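Notes follow once the structure below has been shown.
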Amino acid sequence: MALPDATQQELLRTVPHLRAFAISLSGSIDRADDLVQETLLRALANIDRFQPGTCLQAWLFTILRNLFHTEFRRRRREVEDPEGTMAGQLAVLPNQPGSVAFDELRRALAKLPHEQREALLLVSAQGFSYEEAAQITGTQLGTIKSRVNRARARLAELLHVHHAEDLGPDRLVRAVMHGADLRG
Amino acid sequence: VNVRASRSDKDARSRELRVPEVIQRSTNYARGLKDGNGRPRHRQRASAPERLQDLLGEHLRLYYAELIKEPMPGRLTALLERLAERERRS
């Protein structure tokens, strides 16, 4: 089935976002790329199931998230990447200003339970509404709100921030934006 | 002659002079005294925990934006090129 131009363009635009979500979710670049590749192939094979007028991005994220969970169940005994060792595989992040702060954040994210991590990423990072995130994860609206709240609270604990001043803009965020050394 | 107005007269006069509620609400809104729902504006200022959540969210978005900039691996680029080529032919 041929893709309408607009759909194809949106699909291509969504790929970097899918990849960022997959990296954050799986904690591994290689697994993330496998997930994105498999997501695209499945999406193309089932494009006739996509309802025009609905959110293509949410549909693609749903496919990726379901693939991840299928794989996650299969690999449950495998150790995840709690220390965020994927950092060494990233091309951009380690060279970016403020990468110390990003390292901290990546490690903290990796320590969140995966349900909380995906909820937080979908809503706070990717910008989906709670309703869309609930749809993508196949959960109730209240469940997703609760997961996001718990994830935020846990993330603050893991980053040892208890007040806005601990995080920025005077310190962390400004440092990230301007490349200052946080530990200086 | 009792020159003092009765309470009911005062109330009536007060009602006459009272600015219609809709105008009052919009005036308060324009002055920044109240928010769009008629609540005092200061309630709109984020509390400390809310500010912390906002900043955490901002930090997360920055991190995510950097991940989005990550260069695509060859196999994904090749897949996307094949996809684009297929669409051009169809």
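Bear in mind that the values in this text are calculations on the coordinates, not laboratory data. Worth saying up front: this structure is predicted, and the values here are computed from it rather than measured. Note that each Cβ is placed from the backbone with ideal geometry, even for glycine, and that neighbours are counted across all protein chains shown.
With K and R counted +1 and D and E -1, the other residues having a Cβ less than 13 Å from that of A:ILE144 yield a net charge of +2. Taking the range A:1-40 and a reference point 7 angstrom along Cα→Cβ of B:ARG89, the backbone N atoms nearer than 20 Å belong to A:1-5, A:8-9, A:12, A:40. Just the number, please: Stokes-Einstein D of the range A:118-159 in µm²/s, Kirkwood Rh from C-alpha pairs, 20 °C, 1.002 mPa s. Taking Rh from Cα pairs, D becomes 214 µm²/s. Among A:PHE72, A:PHE128, A:PHE21, A:PHE50, sorting on how many other beta-carbon atoms sit within 10 Å of each Cβ, with the fewest leading, yields A:PHE72, A:PHE50, A:PHE128, A:PHE21.
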